[in-house]
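The values are calculated or read from the model by the stated rules, or taken from the named source; none is laboratory data. Fair warning: this is a prediction, and the values are worked out from it, not measured in the lab. Quick reminder, even Gly has a Cβ in these numbers, built from the backbone with ideal geometry, and neighbours come from all protein chains shown. Ligands, DNA and RNA are excluded from the accessible area calculation, which covers all protein heavy atoms including side chains. Shrake-Rupley method; radii C 1.70, N 1.55, O 1.52, S 1.80 Å.
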Amino acid sequence: MATMITEECINCGACEPECPNTAIYAGGAQYELNGQMFDALSNDFYYIVPEKCTECVGHFNQEQCAAVCPVDCCVPDPNRAETEGELLAKAKKIHPEKQFADLSAENSRFRK
Ligand code: SF4
Ligand code: SF4
């Protein structure tokens, strides 16, 4: 499932540069998806674009936003359940130029 940011967010900005998929944006900022710009999903808090979040699968074995968030408000979105395979396919679509290593305990939270 994609990760989501709750209203506990204190807008510290620590998570944004940590995302390997550029899925995190500041409240009010437009986001980019497939070369197009879209209006912000939140005007008040940092937000995650679900179509770009892979739970860090393919890159890291832990959600990097959750790892750095000082108030633990980056949490799994229960309404967006996705399999590891679906998340990896999403990562490949986002990074068509990248050669992804086979999934392991190093690059998938599902293998830890
Ligand atoms: S879980 Fe990973 S891919 Fe998803 S928003 Fe957080 S840092 Fe980005
Ligand atoms: S690290 Fe946490 S508190 Fe800081 S902007 Fe990101 S979600 Fe909000």
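Checking the stated criteria, Cys12 turns out to be more than 30 Å from Asp102 (Cβ to Cβ) and touching a Pro at 6+ places or on another chain (Cβ under 7 Å).
In this structure, does Ala2 turn out to be open to solvent by less than 60 Å² (accessible area, probe 1.4 Å), at pLDDT 95 or above and either within 15 Å of ligand 2 (Cβ to nearest atom) or farther than 21 Å from Ser104 by Cβ (or both)? Answer is no for this residue.
Annotation: of all residues in the range 5-57 being among the aliphatic types (A, V, I, L, M) and assigned to a strand (DSSP E or B), the one that is farthest from ligand 2 (Cβ to nearest atom) is Met37.
I need every pair where a residue in the range 35-46 that is free of Cβ contacts under 8 Å to residues at least 40 places away in the same chain has its Cβ under 7 Å from the Cβ of a residue that is among the β-branched types (Val, Ile, Thr) and surrounded by 13 or more Cβ atoms within 10 Å (Cβ to Cβ), sequence separation at least 6 or different chains. Listed by first residue and then by second, the contacts come to Leu41/Val49.
Does at least one position in the range 67-87 carry a residue that is touching a Gly at 6+ places or on another chain (Cβ under 8 Å) and either in a loop (DSSP other than H, G, I, E, B) or open to solvent by less than 80 Å² (accessible area, probe 1.4 Å) (or both)?
Taking the range 67-87 as the starting set, the residues that turn out to be touching a Gly at 6+ places or on another chain (Cβ under 8 Å) are 87.
After this cut, where a residue has to be either in a loop (DSSP other than H, G, I, E, B) or open to solvent by less than 80 Å² (accessible area, probe 1.4 Å) (or both) as well, the list is 87.
Yes - at least one qualifying residue is present in the range 67-87.
Taken as a whole, the condition of being charged (D, E, K, R) and more than 12 Å from ligand 1 (Cβ to nearest atom) applies to Asp39.
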